[in-house]
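Undergrad: Pasting a structure below so you can have a look.
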Amino acid sequence: MPVASPTIEILRAPAERMRGVAEIAARHSGEVDREGRFPQEAVDALKAERLLGVMVPKRFGGEGLSLIETAELCTILGQACGSTAMIYAMHQIKASSLVSHGGSSPWHADFMRELVEQQHLLASATTEGGIGGDLRNSICAVNVADGRFTLEKDATVISYGLYADAILVTCRRSPDAQSSDQSMVVVKRGDYTLDKTTGWDTLGMRGTCSEGFRLVSAGDAAQIFPQPFSEIAAQSMLSASHILWGAVWFGIAADAVARAQAYVRAAARKQPGSLPPGALRLAEVVAMLQDMKASVIAGVVRYEAAMSRPDELSSMGFAAEMNNLKVTTSQRAAQIVTHAMLITGLSGYKNDTPFSVGRHLRDVTSAAIMISNDRILSNTSNLLLVSRFDTSLVN
């Protein structure tokens, strides 16, 4: 599907455009899951509807959507296909780093304009052999000489790496820098090669194609973000990741609940005047879903309240709150989908019924290990040793 001309004014609201994409994603979700293939049709539709650059500020050609508006788009897509929604969320997490930290850099400002015009799909290379999922440390380093950089990374996971138009790569600032003294580099297709090292035959989120690669790249030194990665991670990436992931998981859980509700309604029609056995559990799971929704919204409100205060965004207390958001939403999503399966019974357990939630359950099992909850809880416990938890209702 061709990308729409950037000169054509988009009159329809982003949510309306995303609902059209979601219909396409839903049609192919079963095939994407079974074959473990990239959801090309849905990503083509995202590009055609010009939904990849929505967070970019209007002065750079984007639509300037807020984080909560972008989260809503992730939720709409999550109700159709978990893999496609996760790809979209991961792309927007990278876009949020550009929006928050790239505006003052001429190269990155131009790249944002290019992102909008050409609807680039952004991927991330933060994990690395030897450090696992610890994104705040790197083994590889960027070398800079004569205005050019070179970089090699054993990236154990680059989600949809073969299909991305650019990858944001973390690395040590220089060969003699400490592992935590990191930079982030934007490498565009043509700047790098990918040599596949691991596959992606998984329980769920199969369409994200999160394979491992040896990445080799070279380019203009201006492609390196001027800010250290520690600032980027604390001030934009942490919050965007946990909020947008939570929105995806909420979308998956919401669709599972919708299927459970349809199942109970069908049972009620068969026996008028009697309450179906799953009706009480349905009331319980809807309350759980509302609780999860409130957690995501509260995370956005907390982030927006801190946006104008960089010191607050980098504080230990704020990091602990964002960490807790990730843990609670990932756990809640799995509980909700499991509850939906109890309501739908065999009809939900089977893969060939309108009430099937098997794919939903397999997809949300990834939530607890997408940056391991155990790692996050360990980090949070260390933060809470030196920082008091904020008990106020209004920050």
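The values are calculated or read from the model by the stated rules, or taken from the named source; none is laboratory data. All figures in this text were calculated on a predicted structure; none of them were measured in a lab. Virtual Cβ from ideal backbone geometry, glycine too; neighbours counted across all protein chains shown. Ligands, DNA and RNA are stripped out before the accessible areas are found, and what is left, the full protein with its side chains, is counted by its heavy atoms. Shrake-Rupley method; radii C 1.70, N 1.55, O 1.52, S 1.80 Å.
Undergrad: Would you work out the relative contact order for the chain, in percent, from Cα pairs under 8 angstrom that are 6 or more residues apart?
TA: Relative contact order comes out at 15 percent.
Undergrad: While we're looking at this one, here's another question. Would you work out what percent of the accessible area of the chain, with all protein chains in place, is carbon or sulfur (probe 1.4 Å)?
TA: That share works out to 54 percent.
Undergrad: Got a sec? What order do Leu203, Leu282, Leu115 fall in by accessible area at 1.4 Å, biggest, i.e. largest, first?
TA: So the residues, ranked largest to smallest area, are Leu203, Leu282, Leu115.
Undergrad: Right, here's the next one. Using the Cα atoms of the stretch 14-118, I'd like the radius of gyration and the largest Cα-Cα distance, Dmax, both in angstrom.
TA: Values for the stretch 14-118 (Cα only, Rg and Dmax): 13.9, 44 Å.
Undergrad: Could you list, in their original order, any pairs among Lys153/Lys196; Lys47/Lys94; Lys94/Lys196; Lys293/Lys326; Lys94/Lys326; Lys293/Lys350 whose Cα atoms are separated by more than 20 Å? Numbers along the way, then the final one.
TA: Details: Lys153/Lys196 12 Å; Lys47/Lys94 16 Å; Lys94/Lys196 22 Å; Lys293/Lys326 13 Å; Lys94/Lys326 18 Å; Lys293/Lys350 27 Å.
As for pairs spanning more than 20 Å Cα to Cα, those are Lys94/Lys196; Lys293/Lys350.
Undergrad: Oh, and also: Largest first and to the nearest Å, give the Cα extent of the stretch 293-389 along each principal axis.
TA: 52, 25, 17
Undergrad: Next question. Which value in nm describes the separation of the simple spin-label points at Asp195 and Lys350, placed 7 Å from the Cα toward the beta carbon?
TA: 5.0
Undergrad: In whole Å, what three semi-axes, largest first, describe the equivalent ellipsoid of the stretch 122-223 built from its Cα gyration tensor (square root of 5 times each eigenvalue)?
TA: Semi-axes from the Cα gyration tensor: 23, 16, 10 Å.
Undergrad: When each pair of different Cα atoms in the chain is counted once in the 1/r mean, what is the Kirkwood radius in angstroms, to one decimal?
TA: Taking the inverse mean of 1/r over all distinct Cα pairs, the chain comes out at 21.7 Å.
Undergrad: Which distance in nm do the two modelled labels at Ser378 and Ser314 give, with both placed 7 Å along the Cα-to-Cβ direction?
TA: It is 2.6 nm.
Undergrad: So, one more: For Asp220 and Arg34, what is the calculated FRET efficiency with R₀ set at 35 Å and r taken between the beta-carbons, to the nearest 0.05?
TA: The calculated FRET efficiency here is 0.25.
Undergrad: Treat each spin label as a single point 7 Å out from the Cα along the C-beta direction, and report the Arg265 to Ala15 distance in nm.
TA: It is 2.0 nm.
Undergrad: Can you give me the accessible area per residue for the chain, using a 1.4 Å probe, in Å²?
TA: Ligands and nucleic acids excluded, the figure is 43 Å² per residue.
Undergrad: How large is ³J(HN,Hα) for each residue in the stretch 48-60, as worked out from phi by the Karplus curve 6.51 cos²θ - 1.76 cosθ + 1.60 (θ = phi - 60°), to whole Hz, x for Gly and Pro?
TA: These are the phi-based 3J(HN,Hα) values: 4, 8, 6, 9, 7, x, 5, 7, 5, x, 4, 5, 9 Hz.
Undergrad: Sticking with this structure for a sec: Is the stretch 229-383 rounded, prolate or oblate when judged by the Cα gyration tensor, a ≥ b ≥ c being the square roots of its eigenvalues, rounded requiring a/c under 1.5 and prolate requiring a/b larger than b/c?
TA: Judged from the Cα gyration tensor, the stretch 229-383 comes out prolate (a/c at least 1.5, a/b above b/c).
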